[in-house]
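Comments concern the structure below.
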Amino acid sequence: MSTPQTTLSGAEREQAVTRAQSTYSAGPLPWIIKIVVLGLLDAFLVMGAITAVASGAWWILAAIITLLVLLNGIYLPPNRFLPAKYLFPGLVFLSIFSIGVIGYTVYIAFTNYGDGHNSSKDDAITSIQANNTTRVPGSKAYKSTVALKDGKLQLVIVDPATKKVRAAADQEVLTDVEGAELSSIGGIKAVPGYEVLSFSDVTKRTKEIAALKVKLDEDPNSAFIRTTTGSASYEYKSTLTYDPAKDTFTDAKGAVYHDSGKGSFVTDDGKRIEPGWKVGVGFENFKRAFTNPDIRGPFLKVTAWTFAFAFLSVASTFALGLFLAIMFNEPRMRGQKIYRVLMILPYAFPGFLSALVWAGLLNQEFGFINEVLLGGARIPWLTDPVWAKVAVLLVNLWLGFPYMFLVATGALQSIPDDVLEAARMDGASTWQTFRQIKLPLLMVPLAPLLISSFAFNFNNFVLIYLLTNGGPQFQGTSLTAGHTDLLISMVFKVAGFGGGNHDYGLASAFAIIIFFIIGGISYLGFRQTKTLENLN
Amino acid sequence: MSSTIGRRGFIGLAGLAVGATALTACGGESTSSSTPAATASAGGSAAADAGTITVWTDSNREPVLKPVAAKFKTDTGVTVKLVVKDFGKLADDFVTQVPTGKGPDASIMPHDATGRLVQNGVVSPIELGDASLFEDVAVQAFTYDGQVYGLPYSTESIAILRNTALAPDKTPDTFDAMIEAGKKVVAGGKAKYPFLLGLDAKTSDPFHLYPFQTSFGAPIFELGDKGFDASKLAMGGDKGAKFATWLADQGKAGILNLNMTQDIAKAQFFAGKAPYFITGPWNLADAKKAGIKYAVDALPKAGDQEAQAFVTVQGFVMSAKTQNSVAVNKFLVEYIGSVEVQTELYKAGLRAPANKAAYEAAKADADVASFGEVSAKGVPMPNIPAMSGVWTDWGTAQAQIIGQKAKDPAKTWQAMVDTLDAKIKKS
């Protein structure tokens, strides 16, 4: 079907579209399926939009509407935006799983989010008020009920001493009520003039009832009575009162707590009330990472070890893997395949399982390595800072060389025989052949793999977490980190997932710093690889 | 022809992909907003229906709570939705999910999480009504800053598990006498170790060593009328130094062995290789399975004071953001707190009930009675948030001392106390 260059009339265009449809799709069925799928997705998104409106999530609403417009705009018209039809799903996934997550991490890095700053200011104020409303010590417990009188909620109580029934509305003083009918256990069954609420009515008005406070007498400083279950009431006192106009809390001694601007209420002399709330803190977390001596010391040590670990891991596994690959590439060797399979075996075990097994094998007294292999030596594999590093590197060598062996074997076999033949003719020694012919040729395909292996080991969380958990611990710092911690496992600990206080803000800041470090290394590495390619 | 198929296939694939995308995109916020919608519709459907409360529990307690929830529904019309969670993740999930409005109305919780929950503003105080119905240590455990934040239901602590085939007599009162007795069994060729205690090579185990530490008069915090005074550590000074020296001696003598992990110690004891093993009720079921004849004894003292173990209390806490506080309070205080339910919960978990009357009944079980006796003498594990940062330093110092890496045990100990003091002051 050749496209005519002249302008088409409406009817002709329709015809062309129909023709196009008959060419590109096999009749009405795919069309129907497409419409049904699109309709289902639209219905789903509209439902999402409605719930977003209901919960006031405007950003999500905007995202859903954008998605709706794009989805229908791209897929509804036939035979248009063909590239977009291929790209759209990928872009959606990218924005949700990559950009979204990164964006959120960056946002957290600029907040004080963590233990003690976990929620909004409103939540914090509510919590502080609840936490500082305490029952008057030794006060009576009242059987009570909630009732309606003239449309107003009333708290009705029975004085346990006098059996007198009293009632009052919110903030009012209790007055005696006559003629109430009590149950056998002293509860209130009916009160004349009052409509006693059923429990289902009580739960429906939970908020009002939780806020219902009645006074014992006119004295503003005296205790008030409040119910927690609807059927029992107690005397309470507030030890902190909130002034919404000034946005301050005042305690019984008159000390005033004001919003510090850093996510908590503090007095002028630095006393703080828990909980605080989440606020933006600018570059505070990054500043702490680099300037707070308690954090900076361990951070720099961990960074140095992370580089050493990643570099040594790649170097050792590559050296061993390449050495073995060359050995087993010798055609005169018998049973090559069996040896190769044996070499790759460690690669077949799940890494985390191996790490756990190794942790047991390296036990100083009961472990197989010391007990059997080293004949009862007492090497402190996992508890001494230096030995722990050695242990981590050795275990990673065991875990990592099969991969290097595998890729090196592949690369070796791709080196054309005639090149090596020529070298032999020229009288080059085995070492010279390796050094000047094989290695450069190998490095071209292997260098990118080494860089990615470096990046992988830079973040080799599983090994560290399961083998040493970063230990042995640094002494005398407030940051929980140890001699074999990598940056990534330190971030995990700073975020508080291994016990200890949670500080998501600082952890996110670290995560961003790590991102830049790895990004920088990868950039430099790949630029280096390019020069390597040009050389050949 | 091939292009036709390719294109058709592509539409299908794209539809699938976008469908999945839409699902993931909406998954996040639709759950949050469906909660109010669900409660609203539930409220409107029937007059007797008084709404729903969601309670997190673990798989062990869920079967016991189910009939309680059913009874609560018949009595009050409130539906209790039980959600089974991994016990280890409860506190973390509670802290992160309550502020978003996605959290539960109440959750089962170990008491030592209390401080962290309060610090993050995710729990509400609970009015127990008559607190004297519960064991003192249980109420104290959930008390933070003068308020009670949980309805306690069980208490547990460690004690001596004695292999009665190897050591028929009751465990001696002092540590030295116990080791003496254990050594006799070893000398008789019936056992390999006089006494077993699982330790970690790097972080020791301050929890299991705590009774010995307290017997030297060096508790972690000073214990006052209102529970621990968390403002200052009390484990330094001369008494702490004495304990540190003791640790070093035991390490040197090989009685305390850092390479004896929990797993190894447990396996050795179950293989009948030692007469005494220090552990908690969580290993009883396995001991029975292993066919070990055992008795539960009080902890011996190493110093001149009484050995006090840490007591862990399980209970239920209420979310600060619950929309149904009245129903939650009623469910926790009047139902979970009742003698009947606490007895049922005890049968499911074999931990001493926190309700005094239920505990008296459960004492018919010799194990519960013995462990309960130790608990009654014990102290609740501190519930302040700073505590979570204390364990590693504390244990690391102990490990260094036991492992003979500390030249001067007393100095290493004091240095650790000073570091922790600074840490606690800062937080």
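Tabulated results
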read-out	value
Candidates B:S215, B:S325, B:S132: whichever shows maximal mean-square fluctuation once chain B is modelled as a Gaussian network with Cα springs under 10 Å	B:S132
Computed lengthening from A:I521 to A:V53, 0.36 nm per intervening residue step minus Cα-Cα distance	164.0 nm
Over chain B: helical MRE at 222 nm, DSSP H runs n ≥ 4 each giving -39500 (n - 2.57), nearest 500	-15000 deg cm²/dmol
Three-way shape label, the protein assembly as shown, alpha-carbon gyration tensor, a/c 1.5	oblate
For the stretch A:211-243, residues shielded by at least 50 square angstrom of accessible area compared with the chain on its own, probe 1.4 Å	A:T228, A:T229
Label-to-label distance, nm, for residues given as A:R296 and B:K356 (7 Å Cα→Cβ offset)	5.8 nm
For A:G187, distant residues with modelled amide H under 5 Å away	none
Apportionment of accessible area to carbon and sulfur, the stretch A:290-534, percent (1.4 Å)	68 percent
The stretch A:290-534 - convex hull of alpha carbons, volume per residue in Å³	150 Å³
Accessible surface, the protein assembly as shown, averaged per residue in Å² (probe 1.4 Å)	47 Å²
Summed buried accessible area for A+B [probe radius 1.4 Å, Å², rounded to 100]	6200 Å²
Gain on full stretching of the segment that runs from A:F283 to A:Y104 - 0.36 nm per residue minus C-alpha separation	62.9 nm
Amide H within-cut-off set for A:T248, under 5 Å, with H built and near neighbours excluded	A:D243
Residues in the stretch B:329-346 that, when all protein chains are in place, have 50 Å² or more less accessible area than the chain alone would give (probe 1.4 Å)	B:K330
Portion, in percent, of the accessible area of the stretch A:49-103 that falls on carbon or sulfur, probe 1.4 Å	82 percent
Label point at A:L412 placed 7 Å out along Cα→Cβ; residues across the stretch A:335-368 whose backbone nitrogen lies under 16 Å	A:335-345
A:A255-B:A285 FRET efficiency (beta carbon distance; Förster radius 41 Å; 0.05 resolution)	0.20
Cα-Cα over 24 Å, subset of B:K301/B:K423; A:K207/B:K356; A:K189/B:K66; A:K278/B:K89	B:K301/B:K423; A:K207/B:K356; A:K189/B:K66
Spatially proximal lysines relative to B:K73 (Cα-Cα < 17 Å; intrachain offsets below 8 disregarded)	A:K204, B:K81, B:K330
Chain A: angle of helix A:121-131 to the longest principal axis, Cα-based, in degrees nearest 10	50 degrees
Phi-based couplings in Hz for the stretch B:234-251 (Karplus 6.51, -1.76, 1.60; Gly and Pro marked x)	10, 8, x, x, 4, 5, x, 4, 4, 4, 4, 4, 4, 4, 4, 4, 5, x
Spatial separation of Cα centroids for the stretch B:125-166 and the stretch A:415-478, in angstrom	57 Å
The stretch A:286-335 versus the stretch A:37-105: alpha-carbon centroid distance in Å	42 Å
Sequence-separation-based contact order of the stretch A:285-393, relative, with Cα cut under 8 Å and 6+ spacing, percent	13 percent
Nonlocal Lys pairs with alpha-carbon distance under 25 Å, the stretch A:290-534 (8 or more apart, or different chains)	5
In degrees, nearest ten, helix B:387-402 long axis to first principal axis of chain B (Cα)	30 degrees
Against the rule of thumb 2.2 N^0.38 Å, how large the Cα Rg of chain A comes out	1.51
Length-normalised contact order of chain B in % [C-alpha pairs under 8 Å, at least 6 apart]	25 percent
Beta bridge orientation in chain A: antiparallel %, DSSP, nearest 5	95 percent
Fraction of beta bridges assigned by DSSP in chain B that are antiparallel (%, nearest 5)	70 percent
Cα gyration tensor shape for the stretch A:284-382, rounded if a/c is under 1.5, else prolate or oblate	oblate
Residue-averaged [θ]222 nm for chain A, counting only DSSP H segments that reach four residues, each worth -39500 (n - 2.57)	-17000 deg cm²/dmol
Cα-based shape type of the stretch A:27-110, given that a ≥ b ≥ c are square roots of the gyration tensor eigenvalues and the cut on a/c is 1.5	oblate
Mean projected area in nm² (Cα convex hull; one quarter of hull surface) for chain B	28.3 nm²
Chain A: relative contact order as a whole-number percent, Cα under 8 Å and 6+ apart	14 percent
Amide N proximity, the stretch A:375-396 versus B:A267 label position 7 Å along Cα-to-Cβ, cut-off under 14 Å	none
Theoretical FRET efficiency, 1/(1+(r/R0)^6), r = Cβ-Cβ of A:I338 and B:K89, R0 45 Å, to 0.05	0.50
Cα-based helix-to-principal-axis angle, A:504-535 vs chain A, degrees rounded to 10	20 degrees
Spin-label pair A:R435/A:A190, simplified geometry with 7 Å Cα→Cβ offset, distance in nm	10.9 nm
Cβ-Cβ FRET estimate between B:K347 and A:F81, R0 fixed at 51 Å, reported to 0.05	0.20
Probe 1.4 Å - accessible area at A:D247, Å² to nearest ten	40 Å²
Percent accessible area from carbon and sulfur atoms, the stretch A:133-238, protein chains only, probe 1.4 Å	50 percent
Interchain or long-range residues, amide H under 5 Å from B:Q308's placed H	B:T214, B:S215
Distance between modelled label sites at A:T162 and A:F461, nm, 7 Å Cα→Cβ extension	6.5 nm
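The values are calculated or read from the model by the stated rules, or taken from the named source; none is laboratory data. No experiment lies behind these values; they were computed from the predicted model shown. Cβ atoms come from the backbone with ideal geometry, glycine included; neighbour counts cover every protein chain shown. These area figures cover heavy atoms from the full protein model, side chains too; ligands, DNA and RNA do not enter into them. Shrake-Rupley method; radii C 1.70, N 1.55, O 1.52, S 1.80 Å.
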